[in-house]
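For reference, the structure discussed in these notes is given below.
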Ligand SMILES: Cc1cc2nc3c(=O)[nH]c(=O)nc-3n(C[C@H](O)[C@H](O)[C@H](O)COP(=O)(O)O)c2cc1C
């Protein structure tokens, strides 16, 4: 595929994603906390710091992978990096394949490091990337971690997408063996199963981002790019973010589980943390904020978001993220059925 086509594709993804709307009901509504009337802590006592295996996040909200690889998305990356810097959020860039193929595109990603020299930045590649390119992608950003996205449903609906997947697991093994920063295997909105997480754990991966169904929908996005728009029937494919976190329960001691996909409110984010996530990513909300309202408004949005998370933690008597994991949760019958049919031990 030509560089020009790649650039066009990224711009199309951003344009279609920005016009996408979330479903009215999400799986986050299927879990509730038990309310107790008398908190034993004050809002000022709450810490949002999150300690991961290899680094500490000052707060658990991060800007997840989206952009870079075109002139327009360079500007978006620059704006998002300014927000990340001001708010101490970690930030991932979109797939760096464009820069790995064409050095002219490097600055559309490295601008994020230029803006935020001390920040925590994740680079991003696909699961089919050659190992030396994965190493190059980390160098491009001097990244603290490398996200490797696994996106089979997206590729299959994408008209020009990849059709070869059987090489992924061996390639992932090689990447994790050779790259000298933590590797985060990341979905793109289809969620993960306990079998996938087990498989990744067995090859030495210690971080996954379950990125579940419920937010940005890449079946819908790629279908809109198809001539006959004939694959939308797959738009409910995959596990929601809540289901994926439940699936991850038995691996939470060995691995850091990151959550994203359809997180839209501070309460959604707190629910992810209570289900065992170490951090929570959002993509489309940050894109829409920064493109529609600008940098200052997006900083304000992120600050309010985390302030609200502290308020909710106060109601839950959770001074920190670890304590949150002992919250009392009531599940809907739909989620209970998932837990039961999948034989998940969630105690
Ligand atoms: C415009 C756009 C571009 C994206 N590009 C990438 C990408 O290059 N690599 C990747 O791993 N995920 C990519 N994603 C997926 C997001 O990182 C995330 O997994 C997904 O959007 C679900 O989160 P959300 O519901 O908060 O948007 C992209 C998402 C959007 C909206």
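So here's what we get for this one:
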| item | result |
| --- | --- |
| Lone qualifier among 148, 138, 125 - being buried (at least 17 other Cβ atoms within 10 Å of the Cβ) and either more than 25 Å from residue 259 (Cβ to Cβ) or more than 14 Å from the ligand (Cβ to nearest atom) (or both) | 138 |
| Leading residue by the ranking (nearest to residue 12 (Cα to Cα)) among those in region 269-285 that are within 13 Å of the ligand (Cβ to nearest atom) and part of a helix (DSSP H, G or I) | 284 |
| Residue 9 crowded, with 16+ Cβ neighbours inside 10 Å and either under 30 Å from residue 338 (Cα atoms) or within 14 Å of the ligand (Cβ to nearest atom) (or both) | yes |
| Filter result for residue 242 (within 19 Å of the chain's Cα centre (by Cα) and under 28 Å from residue 12 (Cβ atoms)) | no |
| Test result for residue 189, crowded, with 20+ Cβ neighbours inside 10 Å, part of a loop (DSSP other than H, G, I, E, B) and in contact (Cβ under 8 Å) with a residue 12 or more places away in the chain | yes |
| Members of region 199-239 that are in a helix (DSSP H, G or I) and either over 19 Å from the mean Cα position of the chain (by Cα) or closer than 14 Å to residue 20 by Cα (or both) | 199, 202, 218, 219, 220, 221, 222, 223, 224, 232, 233, 234 |
| Output for region 9-27, where each listed residue is within 12 Å of residue 264 (Cα to Cα) and free of Cβ contacts under 8 Å to residues at least 12 places away in the same chain | 21, 24, 25 |
| Leading residue by the ranking (nearest to residue 252 (Cα to Cα)) among those in region 302-327 that are part of a loop (DSSP other than H, G, I, E, B) and out of contact with any strand residue (DSSP E or B) (no Cβ under 7 Å at 6 or more places or on another chain) | 325 |
| Residue list for region 16-27, restricted to those being within 12 Å of the ligand (Cβ to nearest atom) and in a helix (DSSP H, G or I) | 16, 17, 18, 19 |
| Odd one out for residue 242, checked against (1) crowded, with 24+ Cβ neighbours inside 10 Å; (2) in contact with a helix residue (DSSP H, G or I) (Cβ under 6 Å, 6 or more places away or on another chain); (3) under 19 Å from residue 90 (Cα atoms) | (3) |
| Residues of region 157-186 classified as touching a residue at least 60 places away in the same chain (Cβ under 8 Å) and assigned to a helix (DSSP H, G or I), total | 1 |
| Yes/no for residue 335 being under 16 Å from residue 32 (Cβ atoms), surrounded by 16 or more Cβ atoms within 10 Å (Cβ to Cβ) and touching a residue at least 40 places away in the same chain (Cβ under 8 Å) | yes |
| Answer residue from region 245-268, given it is part of a loop (DSSP other than H, G, I, E, B) and more than 10 Å from the ligand (Cβ to nearest atom) and is surrounded by the most Cβ atoms within 10 Å (Cβ to Cβ) among those | 248 |
| Number of the exception - residue 78 against (1) part of a loop (DSSP other than H, G, I, E, B); (2) closer than 25 Å to residue 133 by Cβ; (3) in contact with a helix residue (DSSP H, G or I) (Cβ under 6 Å, 6 or more places away or on another chain); (4) more than 14 Å from the ligand (Cβ to nearest atom) | (1) |
| Unique residue being more than 18 Å from the chain's Cα centre (by Cα) and more than 21 Å from residue 179 (Cβ to Cβ) when the list is 31, 89 | 31 |
| Neighbours by Cβ (under 6 Å, 6+ apart or cross-chain): first from region 103-125, assigned to a helix (DSSP H, G or I); second away from the ligand (no atom under 16 Å from the Cβ) | 113/142; 115/82 |
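Each row is one residue, and each column tells you yes or no for (1) at pLDDT below 95; (2) buried (at least 24 other Cβ atoms within 10 Å of the Cβ); (3) away from the ligand (no atom under 14 Å from the Cβ).
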site	(1), (2), (3)
197	no, yes, yes
202	no, no, yes
206	no, no, yes
210	no, yes, no
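The values are calculated or read from the model by the stated rules, or taken from the named source; none is laboratory data. Treat the numbers as computed from the prediction; the structure is a model and nothing was measured. Backbone-built Cβ (ideal geometry, glycine too); neighbour counts: all protein chains shown.
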